[in-house]
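Derivation of every value follows stated rules applied to the coordinates shown; laboratory data play no part. Model, not experiment: these values are computed from the prediction. We place every Cβ from the backbone using ideal geometry, glycine too, and count neighbours over all the protein chains shown.
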Amino acid sequence: MGREFAEVQADDFSKITIERLPHQEIEMALIAIGGGGVRGTQFKTDVVRAAGWNGERLATYAGKPEKAAAAFNRIRAVLVDTEDQDQIIDKVQPD
């Protein structure tokens, strides 16, 4: 089965904390599911984009926090059910 994460809030992207925020936990999980390293990072990028994040390459999530939160919460909902790469990519896409 999958993993559970706390809900991502738009204001999470402007917080400074020593603890990992929910979106950071989700990113770390996606990198691990993708195989780690460069391949895992590319998988994370692909999933976040498939989930609706369309920020420019150098844009931060804080630039469009509502859109980023929506994308990460879509991913969060999928990761509860599966950690299969193909299923994740397929299921995170907005209807």
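Being without any contact (Cβ under 8 Å) to a residue 24 or more places away in the chain, of a type in the set (Asp, Glu) and over 16 Å from residue 82 (Cα atoms) holds for only one residue in 19, 27, 7, and it is 19. Report whether or not residue 32 is small (Gly, Ala, Ser) and within 19 Å of residue 11 (Cβ to Cβ). The answer is no for residue 32.
Inclusion of residue 40 among residues that are out of contact with any Leu (no Cβ under 6 Å at 6 or more places or on another chain) and touching a residue at least 12 places away in the same chain (Cβ under 8 Å) is not warranted. Would you check which residues across region 7-44 are surrounded by 13 or more Cβ atoms within 10 Å (Cβ to Cβ), of a type in the set (A, V, I, L, M, F, W, C) and farther than 14 Å from residue 88 by Cβ and list them? Scanning region 7-44 gives 8, 10, 13, 21, 28. Of all the listed residues (73, 54), the sole one being of a type in the set (S, T, N, Q), under 18 Å from residue 5 (Cα atoms) and out of contact with any Gly (no Cβ under 7 Å at 6 or more places or on another chain) is 73. Quickly run through region 74-92 and pick out the residues that are out of contact with any helix residue (DSSP H, G or I) (no Cβ under 9 Å at 6 or more places or on another chain) and crowded, with 16+ Cβ neighbours inside 10 Å. Residues satisfying the conditions do not exist here.
The combined condition, being crowded, with 16+ Cβ neighbours inside 10 Å, more than 20 Å from residue 14 (Cβ to Cβ), free of Cβ contacts under 8 Å to residues at least 24 places away in the same chain and in contact with a helix residue (DSSP H, G or I) (Cβ under 9 Å, 6 or more places away or on another chain), is not fulfilled by residue 49.
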